Amino acid sequence: MPSSGSTIPLSKLPLGQQGIVRELRSNSRARRRLLDLGLVVDTIVEAVCQSPSGDPKAYQIRGTVIALRAEEAASVIIERTES
Amino acid sequence: MRFRGDGLGGSSSLVGRVAPDELIIALAGNPNTGKSTVFNQLTGLKQHTGNWPGKTVAVAHGRFEYQGRKFRLVDLPGTYSLSASSVEEEVARDFICSGLAKAIVVVTDATCLERNLNLVLQILEITRRVIVCVNLLDEAERKHIQVDLNQLSSILGVPVVGTCAREGKGLEDLRAAIHHMALGTEDASPLQINYTQPIETALAMLTPILASRDKNGLPVRWRALRLLMEDSETAGDELDEDLRLVLSQAYHLLQEHNLAGDRLHDSIVSSLVHTAEHIAKSAVTVTKRDYDYRDRSIDRIVTSRHLGIPIMLGLLALVFWLTLKGANYPSRVLFATFSYIEEKLTSFITTRGWPQFIHGFLVLGVYRTVAWVVAVMLPPMAIFFPLFTFLEDLGYLPRIAFNLDNYFKRACAHGKQAMSMCMGFGCNAAGVTACRIIESPRERMIAILTNNFVPCNGRFPLLITLASIFFVAGNAGSGIVPALVLVGLIVLSIFTTLFISKLLSHTILKGLPSAFTLELPPYRRPQVGRILVRSLLDRTLFILGRAVAVAAPAGAIVWILANNSVAGRTLLQHLASWLEPFARLIGLDGYILLAFMLALPANEIVIPIVLMSYTQTGALFELDSLLELRNLLVQNGWTWVTALCTILFSLNHWPCGTTLLTIRQETQSWRWTALSFLLPAATGIGLCFLVAQASHLLGLI
């Protein structure tokens, strides 16, 4: 899967698009929870749907769909993939 | 003030009393893996199983026998990890570390094995007495996902059993595997996770010194890992001088490789996740790439910008309509049955020649109130709860939380509060208990304190009856109109909930919204079978039992008040006239306010007590037609403002006795319980005062 090279926060990933986790910018507790969800570096994520108000959004992470609020998803830095 | 009083601490208390010949088996697993179904199948114990993340906070346990041996099965809270970032994870980890269990069955979901393996690997680090149960194989097959159980077993180095717990398939193999492992006839050699080189070196530095100090048989490697992660408490190792020295050398080494603090944690978790990924790659085959196409399509519709909220309200209206429609007939049958029994009781007492007041107190007071509560409450609950559980089982509730989260976030509350709120439509006491799914103590308290702002089943009849006879043109006693009226009132109550939540967040429960992570589980075919019916009856009968327990004394008190006179007027009249001036200020009258007070045990009896007071019959009764009811109320001075204020007061007043006791139990505090009483009461009084005074000033009546 070729990647575009530029990074964006996960919260900015358009629906139906995929990206690869490059960095987590939160710390301690919040970071651990994201890691426990399987959001480690090099993980492929896809934005699958959003709530009627646009936030939270749901992401496909390692075979499970997890909803994250924008401010949390913003701490996950991803690289867009051209799938 | 304590937030949590579940008594989860202390591993031994989780198991209950264990007979000496019982072997303890623990059941672990991620939420939504059908763990509770496996538990029910093994033990035959009734436990509610829902497609609801984090359901099992209270730990259930049950017994089963296999080949003459007795087993005690402990259902640990569903968790994704053992990193102890929540109470559930702590409970699960402490129990696994306690060494009490002869075997730990880790239930996994075949449709997303990779994620589930993360927990399996973490448990394998603590104990080798692990059996992996790959559940939901039928779901996986439907999604064209194949799991090679033999391959998985040989990689993990522990027994792997495939099951479809809902169909009861594979349970016999699971029992056999548990029996086999618990009796210790097999020595497993589980997979060891390889961490990055610096971490491995640091571990190697610590293991010799730890090996010389045994701690409850916990593996040396795992204890070393805990020490590196600055969690010496869990491993139980005392940090004496020798250990400190080695540990500081190990830290130094890690720092040289830029692996301190969060980075060390990242690296450890990454190794686990990547190991899980590799295992899944070699044991799982997905023959259809878009296996979750159907789920995603449904999600796009039920969470869409324009349809998400309307679909939600539509489903709500449908559930209410079915409840109201369906409860009608069985309620009548129950009323008829109870009045038949009452006749028998009456003739029994009269033939004995017992004094009149005994008959009045027992039959007209206690018996009639209890009968009324059962006849009015049982049918709607027996319909509402199955319908609700149907949506729960289907996996729809997390979508409601997803849709509404943004509103709750703006109120500085948690999206999962939407789920406990929905449960509150059935029964506020059940709703308060359901608040356990909210991890953050602050947000959990907000959810508990505001649960009563949404009306429960017990308040529906009043809301619908008054709304129908005063605000709906024509006689709208049946059909879809009452359901829609109810939905309107419920939308209002949701706004109140959000407003009060926000108020609490900015005053006594200050704080920022905590992180929100919610799994949207795959949609599942609801289990309409035996387990569902049984667990529902449990839920319904449990609440009904408590309601009856409080209704009986209430009936007695009402009867005494209505049948004892001082200075030519009954006590009920005295109390009502004493309340009258205040009640008038808020648009009610003394009898209505008194009825709300006397109905503390159960909201259902508000209208009956009001009618009883107006007609002075001294006992509960039932009116046949809505028109008759309207006439009676109008004769006693009711206007549409009275009806509106009564509706508003019903939506916003103190919680019922059962709910108050539940709040006390959940918060372990009388002060929070008192607040949960005062908050809606003040809201209701304030709202009714505004409506009553405004309508007077504007000359609307």
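Miscellaneous remarks
- Only residues that are open to solvent by 10 Å² or more (accessible area, probe 1.4 Å), assigned to a loop (DSSP other than H, G, I, E, B) and facing chain B (nearest Cβ under 8 Å) were counted across region A:55-83, and they come to 3.
- Criterion applied to B:I469, B:I448 was being surrounded by 18 or more Cβ atoms within 10 Å (Cβ to Cβ) and farther than 26 Å from B:L324 by Cα, and the one residue passing it is B:I448.
- For region B:585-607, filtering for residues that are without any contact (Cβ under 8 Å) to a residue 24 or more places away in the chain and open to solvent by 50 Å² or more (accessible area, probe 1.4 Å) leaves 1.
- Single residue of region B:390-401 satisfying the filter (open to solvent by 10 Å² or more (accessible area, probe 1.4 Å) and touching a Lys or Arg at 6+ places or on another chain (Cβ under 9 Å)) that is farthest from the other protein chains (Cβ to nearest Cβ): B:D393
- Unique residue being part of a helix (DSSP H, G or I), in contact with a helix residue (DSSP H, G or I) (Cβ under 9 Å, 6 or more places away or on another chain) and loosely packed, with under 14 Cβ neighbours inside 10 Å when the list is B:T351, B:T346, B:T369, B:T337: B:T337
- Scan of region A:42-51 for residues that are β-branched (V, I, T), facing another protein chain (nearest Cβ under 7 Å) and in a loop (DSSP other than H, G, I, E, B), ordered by number: none
- Among (1) out of contact with any Pro (no Cβ under 9 Å at 6 or more places or on another chain); (2) among the hydrophobic types (A, V, I, L, M, F, W, C); (3) open to solvent by 20 Å² or more (accessible area, probe 1.4 Å), the one test that B:W222 misses: (3)
- Helices (runs of 4 or more DSSP H) contained entirely in region B:212-287, each with at least 2 residues that are within 14 Å of another protein chain (Cβ to nearest Cβ): B:262-283
- Matching entry among B:L387, B:L404 (being within 14 Å of chain A (Cβ to nearest Cβ) and open to solvent by 10 Å² or more (accessible area, probe 1.4 Å)): B:L404
- Total residues in region A:32-41, condition more than 7 Å from every other protein chain (Cβ to nearest Cβ) and touching a helix residue (DSSP H, G or I) at 6+ places or on another chain (Cβ under 8 Å): 1
- Within region B:544-601, restricting attention to residues that are hydroxyl-bearing (S, T, Y) and in a helix (DSSP H, G or I), the residue that is nearest to B:Y614 (Cα to Cα) is B:Y591.
- Residue match in region B:142-149 (condition: in a helix (DSSP H, G or I), of a type outside the set (G, A, S) and modelled with pLDDT under 90): yes
The values are calculated or read from the model by the stated rules, or taken from the named source; none is laboratory data. Please read all numbers here as calculations on a predicted model, not as lab measurements. Backbone-built Cβ (ideal geometry, glycine too); neighbour counts: all protein chains shown. Accessible surface areas use protein heavy atoms only, side chains included; no ligands, DNA or RNA. Shrake-Rupley method; radii C 1.70, N 1.55, O 1.52, S 1.80 Å.
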